[in-house]
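Colleague: A single structure is presented below for examination.
The values are calculated or read from the model by the stated rules, or taken from the named source; none is laboratory data. This one's a predicted model, so the numbers in the text were calculated from it and none came from an experiment. Please note: Cβ atoms are built from the backbone with ideal geometry, for glycine as well, and neighbour counts cover all protein chains shown. Calculation scope for accessible area: heavy atoms of the full protein, side chains included, ligands and nucleic acids excluded. Shrake-Rupley method; radii C 1.70, N 1.55, O 1.52, S 1.80 Å.
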Amino acid sequence: MESINIKQLAKALNLSTSTVSRAFRDNSDISKETKEKILAKAKELNYQPNHYASNLREQKSKTIAVIVPELANNFFSQAINGIEKIARGKGYHILIYATDDDYEKEVSFIRHLHNGRADGIIMSVSGEANDHTYLNELSQKRLPLVFFDRVYEDIITPRVITNDYDSSFSATEHLIKQGCKKIAYLVINKNLSIGKFRMQGYIDALAKYKIPFEDHLVVDCTNSYAKNSLILKRLLLDIKPDGIFTSVERLAFATYYACYDLKISIPEDLMVIGFSSLEIAPLLNPSLTTVTQPATKIGIEAANLLFRMLEDPEEVNPNQKIVLNSKLIKRRSTEQI
C-alpha cells in the first residue's frame, strides 16, 4: 500500500492538519482519545510522519546543516568544531555535507535540505558556476543561510570572512623582503571571492615594490594531487620562481612534494608561504610559514549568526559581514640562509 500525506490523513479523520501534526508531536492540548484515534488511522492508512518536514514555527528539526568544499582540510575541520560547539550548547545537532568543489553536489544538497531536514545552513561555497540564484529559494522558504570563508558576492545573506586582501599583501611582502623577486601565486579558483581578494593582495604588493606582474606566474591548479604535481614540476623546471605563495593549504603540500622529487631545497632554492591552518606546520621539514586563519572562531561566529537568525530573524541585517583577522606566522620555509 502506498503511503499517504498528512492532508489525506486529516481528511480521513475529519480533523485539521494542525491537529494531526500536534498529535504526532505529543502535544498536551490533544486528548489521549484523539491521539489514539489518529495513530490508529495512520497505521491503517500507512501514514509515515516526517518529523523534519513541517515548516511550522513551533516544530524544529533541532539540526543545522554545514556545507563545505572538502573535509580533508584543517581549516574546515576546525571551523566545523567551532560550529558544533555552539550548536551543542543550543541543543542542536549538525549534518555535514562535502561538495568536493562540485557545483552540482552543492545544488543537490541545498534542494535536499528544503524538505525540512535542517532549520538553517552554514556554507562555504563551491564556486564552480556563475548562477547562484537557486540559493534565493532559501529566503522564500524561510531557511536561514550564513556564508563563511568562501562566499558568493551576488547572494545577500550574512557572512563571516577573514581579511584575505591584507593577509595576501603581507604574505607577498614578506617574500619580497626575504629577497624573492620572481614569486609564483598558486590558485585553484580565481573566480571565488577569496581567490579575487587574495590575488589582488599579491598583485598590489608586487606593485608597491615595483616588481612587474607576470601573468604566467599566476598558476591555475586543480583538486587533483597528481595533476598538481605535473603543473608544479613544470613551473619549477621551466619558469624557476624563487618564491611560491599558495592560496590554499593543499597547494603548499603539493609544492613540498614537487620540490622533494626535483631535489629543490626549501628555503635555499625556493621560499614557500601559504594559507594554512595546519597544526603540524611547525613540524614540517622545513617548518612552513603560514597565513593562519582563526578557523574555530570563524565557525563560532557563523553559528552564532545563524542562531540569531533562527531566534530573532528581524534583528539580523542580511548584509551583515563579520571580518576576522588572519595571522602571518614566519617559519623556516621563508628564512634567509
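Colleague: Per-residue ellipticity at 222 nm for the chain, helices alone: DSSP H runs ≥ 4 residues times -39500 (n - 2.57), over residue total, nearest 500 deg cm²/dmol?
Modeller: Computed mean residue ellipticity for the chain: -12000 deg cm²/dmol.
Colleague: What are the DSSP H helices in the chain that stretch 30 Å or more along their long axis, judged by alpha-carbon atoms, and whose average Kyte-Doolittle hydropathy comes to at least -1.0?
Modeller: Qualifying helices, which must be both long enough and hydrophobic enough, do not occur.
Colleague: Based on DSSP loop calls and a cut-off of at most 12 other Cβ atoms within 10 Å, the longest stretch of the chain free of exposed GluC sites (Glu not before Pro) is what?
Modeller: The reported range is 154-267.
Colleague: Show which lysines lie in cross-link reach of K37 when reach means a straight Cα distance below 18 angstrom and same-chain residues fewer than eight apart are skipped.
Modeller: Those lysines meeting the cut-off are K7, K11.
Colleague: Before I look further, what does the range 193-326 give for accessible area per residue, probe 1.4 Å, in whole square angstrom?
Modeller: Averaged over the residues of the range 193-326, the accessible area is 48 Å².
Colleague: Averaged per residue, what accessible surface does the range 80-129 expose to a 1.4 Å probe, in Å²?
Modeller: 43
Colleague: Given a 1.4 Å probe and every protein chain left where it sits, what share in percent of the accessible area of the chain is carbon and sulfur?
Modeller: The nonpolar share, carbon plus sulfur, comes to 50 percent.
Colleague: Given (1) 0.99; (2) 1.06; (3) 1.25 as candidate values of Cα Rg over 2.2 N^0.38 Å, which corresponds to the one derived from the coordinates?
Modeller: Answer by label: (3).
Colleague: Report, in debye and to the nearest 20, how large the dipole of the range 288-337 comes out about its Cα centre when Lys and Arg carry +1 and Asp and Glu carry -1 on their Cβ.
Modeller: Dipole magnitude for the range 288-337 comes out near 580 debye.
Colleague: Here's another thing I want to ask about it. May I ask for the distance between the Cα centers of the range 278-323 and the range 156-227, given as a whole number of Å?
Modeller: The distance from the Cα centre of the range 278-323 to that of the range 156-227 comes to 20 Å.
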